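The values are calculated or read from the model by the stated rules, or taken from the named source; none is laboratory data. Just so you know, these numbers come straight off a predicted model, no measurement behind them. Quick reminder, even Gly has a Cβ in these numbers, built from the backbone with ideal geometry, and neighbours come from all protein chains shown.
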Amino acid sequence: MTDMLQKKPGSLRIGDVAPDFQARSTLGPVRLSDYRGRWLIFFSHPADFTPVCTTEFVALARAQKRFEALDCALLGLSVDSLYAHFAWVRAIQDKFDVSISFPIVEDPSMAVGRAFGMIDEGAADSAAMRTSYFIDPEGIVRATTCYPYNVGRSVDEMVRLLTALQLTDEKQVLTPEGWQPGDDVLAVPPLSTNEAGVEDDWFCQTVKAP
């Protein structure tokens with residue numbers, strides 16, 4: 001682990017630059033800044049060989065082509081050692097016939113997890129956190145999700161959120177509650193009453209997806 005981490009522990013927010021780091025992973029050394037130029041979902045899991053984490057990794061591996069189609073890489077992290085990661089990846093392959101082809105970073109010192117707010121600054125371990133950071137091609141944190149150790153994430157929701165972030169970046173639109181790719185979207189409200197005109201629905205206007 002290098003000393004590139006400079007963000008105050010637990011202070012990372014939407015709009016911040018994701019702190020850079022270099023660490024060992026199941027696919028060799030990784031550096032966060034190497035992912036610049038594409039989207040990245042960087043996520044922590046409480047521990048290897050745990051039931052909920054295993055189901056998440058199986059689902060993420062099976063959905064990896066969906067993320068690749070959106071030009072998004074996946075990067076996992078836990079406090080477990082690299083050797084535990086290797087053993088867990090092998091066990092998943094043997095039990096589910098699923099190959100984990102995205103890297104899993106080791107973080108035994110919890111330095112990365114604490115810098116990203118994945119682990120509480122005062123925590124003795126990472127078991128309370130299941131956090132995901134959606135990082136854009138400029139290295140900016142655009143969204144975060146956090147679940148307790150006993151509730152698994154939804155891969156479909158991760159894809160939906162990523163798609164919504166990309167769409168609203170590319171087009172001047174908003175996505176409504178429950179939006180799914182292909183659904184109608186919302187027009188950005190006008191900035192002044194003059195722009196609003198006389199339409200009654202100016203503040204919440206549904207339009208076709210671009």
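Annotations for the structure displayed:
- Residue match in the range 166-179 (condition: under 21 Å from Ile104 (Cβ atoms), at pLDDT 95 or above, of a type in the set (A, V, I, L, M) and outside any strand (DSSP E or B)): no
- Within the range 147-165, being at pLDDT 95 or above and of a type in the set (A, V, I, L, M) holds for Val155, Met158, Val159, Leu161, Leu162, Ala164, Leu165.
- Options Lys65, Lys8: the member that is among the basic types (Lys, Arg), under 27 Å from Thr168 (Cβ atoms) and either at pLDDT 95 or above or out of contact with any Gly (no Cβ under 6 Å at 6 or more places or on another chain) (or both): Lys65
- Of residues in the range 22-49 being of a type outside the set (A, V, I, L, M, F, W, C) and in contact with a Phe, Trp or Tyr (Cβ under 8 Å, 6 or more places away or on another chain), the one farthest from Gly139 (Cα to Cα): Asp48
- Those residues of the range 161-174 which are out of contact with any Pro (no Cβ under 7 Å at 6 or more places or on another chain) and under 26 Å from Leu75 (Cα atoms), in sequence order: Leu161, Leu162, Ala164, Leu165, Gln166, Leu167, Thr168, Asp169, Glu170
- Only one of the numbered conditions (1) within 20 Å of Gly28 (Cβ to Cβ); (2) touching a Gly at 6+ places or on another chain (Cβ under 8 Å) is not met by Thr55, and that is (1).
- Residue in the range 32-41 that is in contact with a Cys (Cβ under 7 Å, 6 or more places away or on another chain), of a type in the set (Lys, Arg) and at pLDDT 95 or above present: yes
- Verdict on Phe42 being under 21 Å from Val112 (Cα atoms), in contact (Cβ under 8 Å) with a residue 40 or more places away in the chain, assigned by TED's automatic domain parsing to the domain that holds Thr145 and touching a Leu at 6+ places or on another chain (Cβ under 7 Å): yes
- Against the conditions (1) among the aromatic types (Phe, Trp, Tyr); (2) at pLDDT 95 or above; (3) not assigned by TED's automatic domain parsing to the domain that holds Asp48, Phe96 satisfies every one except (3).
- Selection status of Thr26, among the β-branched types (Val, Ile, Thr) and farther than 22 Å from Met158 by Cα: yes
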